Amino acid sequence: GDSVTQTEGLVTLTEGLPVMLNCTYQTIYSNPFLFWYVQHLNESPRLLLKSFTDNKRTEHQGFHATLHKSSSSFHLQKSSAQLSDSALYYCALSTGGNNKLTFGQGTVLSVIP
Amino acid sequence: GGIITQTPKFLIGQEGQKLTLKCQQNFNHDTMYWYRQDSGKGLRLIYYSITENDLQKGDLSEGYDASREKKSSFSLTVTSAQKNEMAVFLCASSIGGRKTLYFGSGTRLTVL
C-alpha cells in the first residue's frame, strides 16, 4: 500500500535559520496528491499546503514545497525559521480515487531563540 | 465556516470495556475519517466513510467498529479497550478525495 516517510523525530533550529523537513512517499499510482499539515500545541492539525503538479513550487505562509515525482519527494522548506513555527508537521499522500489520506509519522520542529 | 465536534473530550474506561466516541460536522462534507494519534507514530487511519451508511477500513481497523448513520455524524467504537491503545482519536471530514481535511479537537482515551 501507500506509505509516507518523514524526517525522523525532532528537528531543533535556531530562529532565523532555514527550515527543511523531508518527505518521501511510495505509491503505485502515477498521480499522487501531497499535503503538509501543521499541528500546534493543543490544537488540531490544519492544512499548510498541497500539490499535485510535478516540479511546481507551492507556497503558503512563508513555507514552500515542490512535488518531484522523479524522486517521490515533497520536502517542506522555509527560508527563515520563526519561534511561532514550532509545531508538529505531517506530510500526507492521497492517491487513486479512494478518498484515503495516508500520513507520515510526523516531525516535531522546535525553533529556539 | 463549519465545525467538527467530538465528544467526549476525555474518555476513561476499564480494560475490556466497550467505548464509543462521537463526531459531528456541519460542513455538509461527504467524507469522514477517524484517525488515531500516537506520539512518534503519526496519524493512522482507523475507518473512513465516503457517504452515509458507507464504511471503509483503514490500516488500523482491528479492534474497532464504526457507524455512519447520518451524513453529519460518524461514531467510532472501541470493542474491547486495551491499555496499549491509550491515544488521541481525531475525527476529520472533507468534501471528497484529495481535498482538505478539517479536524476536530480530539478525544483523549485513557484505559485503566
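Of note:
- Checklist (1) farther than 15 Å from residue B:85 by Cβ; (2) more than 11 Å from chain A (Cβ to nearest Cβ) applied to residue B:64, failing item: (1)
- Subset of region B:51-89 [in contact (Cβ under 8 Å) with a residue 60 or more places away in the chain and not in a loop (DSSP other than H, G, I, E, B)]: B:78, B:83, B:89
- Residues (closer than 24 Å to residue A:57 by Cβ and either touching a Gly at 6+ places or on another chain (Cβ under 8 Å) or of a type in the set (D, E, K, R) (or both)) located in region A:102-113: A:102, A:103, A:104, A:106, A:107
- Selected residue [within 13 Å of chain B (Cβ to nearest Cβ), outside any loop (DSSP other than H, G, I, E, B) and over 22 Å from residue B:48 (Cα atoms)] from A:13, A:49, A:93: A:49
- Qualifying residue in region A:16-29 (condition: farther than 11 Å from residue A:76 by Cβ, among the aromatic types (Phe, Trp, Tyr), more than 10 Å from every other protein chain (Cβ to nearest Cβ) and assigned to a loop (DSSP other than H, G, I, E, B)): yes
- Residues being closer than 26 Å to residue A:106 by Cβ and either more than 9 Å from every other protein chain (Cβ to nearest Cβ) or touching an Asp or Glu at 6+ places or on another chain (Cβ under 8 Å) (or both) - total across region B:25-48: 11
- Only one entry in A:77, A:105 is surrounded by 13 or more Cβ atoms within 10 Å (Cβ to Cβ), away from chain B (no Cβ under 14 Å) and within 15 Å of the chain's Cα centre (by Cα), namely A:77.
- Residue count for region A:3-59, restricted to those that are in contact (Cβ under 8 Å) with a residue 40 or more places away in the chain and touching a Pro at 6+ places or on another chain (Cβ under 8 Å): 6
- Of residues in region B:100-112 being part of a loop (DSSP other than H, G, I, E, B) and touching a residue at least 60 places away in the same chain (Cβ under 8 Å), the one surrounded by the most Cβ atoms within 10 Å (Cβ to Cβ): B:101
Values in this text are rule-based calculations from the coordinates and carry no lab data. Just so we're clear, the structure is a prediction, and the values are computed from it rather than from any experiment. Virtual Cβ from ideal backbone geometry, glycine too; neighbours counted across all protein chains shown.
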